[in-house]
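> The structure under discussion is supplied below as structure tokens; questions concerning it will follow.
The values are calculated or read from the model by the stated rules, or taken from the named source; none is laboratory data. Here the structure is a predicted model, which means the values were calculated and not measured. No Cβ is skipped: glycine too gets one built from the backbone with ideal geometry, and neighbour counts run over all protein chains shown. The protein model used for the area step is the full one, side chains on, heavy atoms only, and it has no ligands, DNA or RNA in it. Shrake-Rupley method; radii C 1.70, N 1.55, O 1.52, S 1.80 Å.
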Amino acid sequence: MRINQHTKISELIKANELAIDAIASIAKPLRKIKIPLLRKVLTPRVNIGEAAKIAGVSIMEFQRVLEPLGFIWEDTNHSSPLEVQQESGRPDWLKKAKSLQALDVRPLLDADKDPLKDIFQAYKALPLHGVLYIINSFIPVPLIKRLEERGALCHTESISDNEYHSYFYKTKEDKKEKSKAQNIAFLTREEFEEKMESLTDSKRIEVDVCHLPMPQPMELILHFLSELNNNEYLYVLHRKVPLHLLEELEQSSFQIFICEPVEGDVRLLIFPKE
């Protein structure tokens with residue numbers, strides 16, 4: 001398989017699963033692809049150039065570990081991933097866009113607020129064939145997946161190690177929101193405590209993500225879920241309802257119960273369905 005900095009990580013893994021360990025060996029930030037749930041979420045959206053920026057390494061490090069697996073590296077005139085993405089990698093719909101609305105969500109993240117509601121409101125108010133331009137400190141993979149389900153065309157560019165620009169082109173008007181997922185339920189404090197008491201035969205794995213910056217809470221929870229056995233359940237202490245996580249798990253084989261006794265104190269029970 002011939003590859004370059006634009007090759008998606010998911011394509012590498014599909015061609016040769018040994019690429020998982022090879023890529024994970026490059027740098028610590030890349031080790032997360034060894035977690036099945038994270039791998040499923042992240043790799044279809046990230047190419048070699050973007051992964052190199054996330055890890056803070058040269059794309060030649062990917063060439064070094066992938067060529068021994070039979071991959072053939074293509075010379076692209078040594079242009080940086082950013083230059084290629086910005087100049088020739090943009091889709092036609094973005095090059096020709098006349099209506100562009102920008103939303104920088106970094107101040108919301110710095111203030112420990114979830115920007116998801118603001119983003120969805122901005123996208124809903126967008127005129128047909130308009131483009132919503134999100135400035136973020138990380139690649140918003142769950143958001144991309146969610147807006148693609150609404151018919152949006154998406155494109156993300158890496159500007160620096162902590163700045164990403166994501167563009168969403170509205171191809172059709174929003175449909176009505178889907179009904180709540182069958183595997184997610186919000187409980188009162190009493191109902192939540194009763195549910196915990198009913199799980200006495202199972203082993204509790206507790207994780208506190210209250211003090212972690214985004215997107216680390218979601219990554220850590222998915223890591224624990226990937227290691228969960230049938231006789232175990234995850235008890236999560238969070239500071240907010242994790243909307244991105246719930247979107248990823250709404251069609252999964254996990255059952256999720258959520259309780260918010262007071263504002264800023266969110267608790268979750270997550271366990272495999274029987």
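> If ligands, DNA and RNA are left out, what is the accessible area of E232 with a 1.4 Å probe, given in Å² to the nearest 10?
Probe radius 1.4 Å; accessible area of E232 about 30 Å².
> Using a simple spin-label model with points 7 Å from Cα along the Cα→Cβ vector, what separation in nm is obtained for T188 and V57?
Label-label distance for T188 and V57, simple model: 5.3 nm.
> Looking only at P215, P107, P36, which one moves most when the chain is put into a Gaussian network model with springs between Cα atoms under 10 Å?
The residue that fluctuates most here is P107.
> Report the semi-axes of the equivalent ellipsoid for the chain in whole Å, largest first, where each axis is √(5λ) for an eigenvalue λ of the Cα gyration tensor.
Rounded to whole Å, the semi-axes are 34, 25, 16.
> Quick one: with all protein chains in place, what share of the accessible area of the chain is carbon or sulfur, to the nearest percent (1.4 Å probe)?
About 49 percent, which is the carbon plus sulfur part of the accessible surface.
> Give the cross-link partners of K40 among the aspartates and glutamates, using a straight C-alpha distance below 17 Å as the criterion and excluding same-chain residues fewer than 8 apart.
Cα-Cα hits under 17 Å: E11, E17, D21, E50, E148, E149, E219, E227, E247, E248, E250.
> Could I ask something else about it? Please return the longest range in the chain lying between exposed loop sites, taking trypsin sites (Lys or Arg not before Pro), DSSP loop only, at most 12 other beta-carbon atoms within 10 Å, and leaving the sites out.
Of all site-free stretches, the longest is 1-95.
> Measuring with a 1.4 Å probe in the full set of protein chains, what accessible area per residue, in whole Å², belongs to the chain?
Result: 54 Å² per residue.
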